[in-house]
Amino acid sequence: MNDFKHYTVMLNEAVDALECDDSDKIFVDATLGGGGHSELILKKISQRGRLISFDIDHEAIEASKKRLSKYKNLTIVHDSYTNIKKNLLDLGIDKITGGIIYDLGASYHQLTTAQRGFSFLKDAPLDMRFDLNSDFCAWNVVNYYNEQKLVEIFSKYGEEHFSKRIAHAIVNSRPVNTTLQLANLIKASVPRSNSKIHPATRVFQAIRIEVNHELLNFENSLKEVVSLLDSGAIISVITFHSLEDRLAKSILKNLSLNCRCDKNVPFCKCEGKLVELINKKPIYPGEEEIKINPPSRSAKLRVARRV
């Protein structure tokens, strides 16, 4: 395994939001990654507190096991955060009493490790899997999806203006086997631009989201996790692009409503207000962090508390 490199974005802001100083409660890190957020949580909570951290990337798991080996109140689970409820029940935990943190998207390690196939700047097989045990990868999307399906995911998950041109070029150039082959194909399919953003950025994002079911998994997980949170427990969510942020904002706002029933229903049948929004507008990284790690400029933090 290569050295696992990871820059933890909004480290202090996201963990401070959990209010976990000297806490005896149970916390969950839904996206362990390089272990930055988990480590700070473990430094802050008491020895009687507990942290359960999840990841599906075995490289992240192995790196974080070494980094966090001295902490006895940590349980690392090699599974998706979509299965938090099942895994917590298996551990004898029915409530998250302290809070949960989500740090969405791909890690620095995944994006910069050439053979993982996330980058359009390094040549590698088309992969983009978070879970290396999965049989479905970027190659399957690029070579098996029909043209209309490609247009759909490029538009929906990448907000790509030239989805039709790119999809048409891909279908007519199959098989497309490597990241640079795909990136060059995209570049040749769109008009030249003075933008600093590489023309393949949005399409690579869209394929990555499709391969890993990122938005659907986050939506399902967040809706389920609310029922596991004890009163007062906190949700801390870091997003990195507009689709994730809009989804987080929409779900949390909906859960904060006094009633979510159809307006035609005469009596409220829902559970009523489930969370209160700690910040109605997102929190952004500070200038110093953006100087040190420019990609963090796109991060947004949203926080809510279970009522």
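Points worth noting:
- Hey, GLU224 of a type in the set (Asp, Glu) and buried (at least 20 other Cβ atoms within 10 Å of the Cβ) or not: no
- Flag for HIS58 being surrounded by fewer than 16 Cβ atoms within 10 Å (Cβ to Cβ), touching a residue at least 24 places away in the same chain (Cβ under 8 Å) and closer than 20 Å to TYR7 by Cα: yes
- Helices (runs of 4 or more DSSP H) contained entirely in segment 198-294, each with at least 3 residues that are over 22 Å from ALA138 (Cβ atoms) and of a type outside the set (Phe, Trp, Tyr): 214-225, 242-255, 287-292
- Considering only residues in segment 76-117 that are more than 20 Å from the chain's Cα centre (by Cα) and polar (S, T, N, Q), the one that is surrounded by the most Cβ atoms within 10 Å (Cβ to Cβ) turns out to be THR97.
- The residue that is nearest to ASP57 (Cα to Cα), among those in segment 115-126 that are part of a loop (DSSP other than H, G, I, E, B) and not hydrophobic (A, V, I, L, M, F, W, C), is GLY117.
- Conditions (1) of a type in the set (S, T, N, Q); (2) part of a helix (DSSP H, G or I); (3) within 21 Å of LEU180 (Cα to Cα); number of the one not met by GLN148: (3)
- Filtered residues of segment 118-135 (kept if within 13 Å of the chain's Cα centre (by Cα) and at positive phi): none
- Within segment 148-204, the only residue that satisfies the criterion of being of a type in the set (Asp, Glu) and loosely packed, with under 15 Cβ neighbours inside 10 Å is GLU159.
- Residue count for segment 151-169, restricted to those that are among the charged types (D, E, K, R) and within 15 Å of SER242 (Cα to Cα): 3
FYI, it's all coordinate maths here, none of it is from the lab. Please read all numbers here as calculations on a predicted model, not as lab measurements. Note that we place each Cβ from the backbone using ideal geometry, even for glycine, and neighbour counts take in every protein chain shown.
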